[in-house]
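Notes for the one structure printed next.
The values are calculated or read from the model by the stated rules, or taken from the named source; none is laboratory data. This one's a predicted model, so the numbers in the text were calculated from it and none came from an experiment. Please note: Cβ atoms are built from the backbone with ideal geometry, for glycine as well, and neighbour counts cover all protein chains shown. For accessibility, only protein heavy atoms count, side chains too; no ligands or nucleic acids. Shrake-Rupley method; radii C 1.70, N 1.55, O 1.52, S 1.80 Å.
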Amino acid sequence: MADEHRQLTSHVHGEARLDIGIEGQDMVLELESPAMDILGFEHEPASEAEHKKAHEAEEQLRSADALFTLPENAQCKLTAAEVKAGGGTHEHEKGGEEGHRDFDAQYAFRCAGGVPGWIEVRLFDTFPSLHRLHVQLAGPKGQKSAVLSAGSNRIEF
Ligand SMILES: [Zn+2]
């Protein structure tokens, strides 16, 4: 269901999406962001500088510990981090030319201490052109959605 939805929608520069799924001790985060807010451009990297930038951005996106803070008592350990650039091209939400690209990243955590009480998102520090993050949470207490920003970057589970 979520993937279909994603395929159909377009993206808005400055706004990303984060889906959080919690089941038992496992937590999966799925991030989708316009490439513009990760790289500063949306075309395929061409120049050496652009390839270097793309490589650095993928490394930054893989560093989950720098992007997300979880409560220590949950003892969450990152078990997998996958970053994919591309994600198809979209119409721009406000009309205009095609050729937009996304970055998709997926993170898997195992939380030996049980379901974390909250998560703090520090994406806004690493990618300052991102100013809104639409969060959808599905966990043991049901579903919840929130919009986070640099000044309000924590969601309680
Ligand atoms: Zn775009």
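Using only Cα atoms and rounding to the nearest 10 degrees, what angle (0 to 90) does helix 48-62 make with the longest principal axis of the chain?
The angle comes out at about 10 degrees.
If you take the beta carbon distance between Glu15 and His55 as r and set R0 to 22 Å, what does 1/(1 + (r/R0)^6) give as a FRET efficiency, to the nearest 0.05?
In this case the efficiency is close to 0.35.
I'd like the distance separating the alpha-carbon centroids of the range 119-141 and the range 17-71, in whole Å.
11 Å
Of the candidates Glu32, Glu59, Glu72, which one comes out as most mobile in a Gaussian network treatment of the chain with C-alpha springs shorter than 10 Å?
Glu72
Under a 1.4 Å probe, what is the accessible area of the range 2-156 per residue, stated in Å²?
Roughly 53 Å² per residue, with all protein chains present.
Lys and Arg at +1, Asp and Glu at -1: add these up for the other residues within a Cβ distance under 12 Å of Ala150 and post the number.
+1
Could you work out the relative contact order of the range 2-156? I mean the mean sequence separation of Cα pairs under 8 Å and 6+ apart, divided by the number of residues, in percent.
Normalised by residue count, the contact order of the range 2-156 is 31 percent.
Find out how many positive minus negative residues lie around Leu133, taking Lys and Arg as positive, Asp and Glu as negative, among other residues whose Cβ is under 13 Å from that of Leu133.
Residues close to Leu133 contribute a combined charge of -3.
With θ set to phi - 60°, apply the Karplus curve 6.51 cos²θ - 1.76 cosθ + 1.60 along the range 134-148 and write out the HN-Hα couplings as whole Hz, x wherever there is a Gly or Pro.
Values per residue, Gly and Pro as x: 8, 10, 10, 10, 10, x, x, 9, x, 9, 7, 10, 7, 10, 9 Hz.
What is the total of Lys pairs in the chain with C-alpha atoms under 25 Å apart, excluding same-chain pairs fewer than 8 positions apart?
Qualifying lysine pairs in the chain: 5.
Of Gln75, Ser33, Ile22, which is farthest towards the positive pole of the range 2-156's charge dipole, taken about the Cα centre with +1 and -1 on the beta-carbons of Lys, Arg and Asp, Glu respectively?
Going by the charge dipole, the pick is Gln75.
For the chain, which semi-axes, largest first and in whole Å, follow from the square roots of 5 times the eigenvalues of its Cα gyration tensor?
Equivalent-ellipsoid dimensions as semi-axes: 27, 17, 14 Å.
Hey, what number do you get for the chain at 222 nm if only DSSP H runs of n ≥ 4 count, each worth -39500 (n - 2.57), divided across all residues, to the nearest 500?
That comes out to -5500 deg cm²/dmol.
Under a 10 Å cutoff between Cα atoms, tell me which one of Phe103, Phe68, Phe124 has the largest fluctuation in the Gaussian network model of the chain.
Sorting by GNM fluctuation, first place goes to Phe68.
Can you pull the one-decimal nm distance between simple spin-label points at Lys84 and Lys144, each 7 Å off the Cα toward Cβ?
So the label points at Lys84 and Lys144 sit 2.8 nm apart.
Measure off, as a whole percent, the carbon and sulfur share of the 1.4 Å-probe accessible area of the range 2-156, all protein chains present.
48 percent
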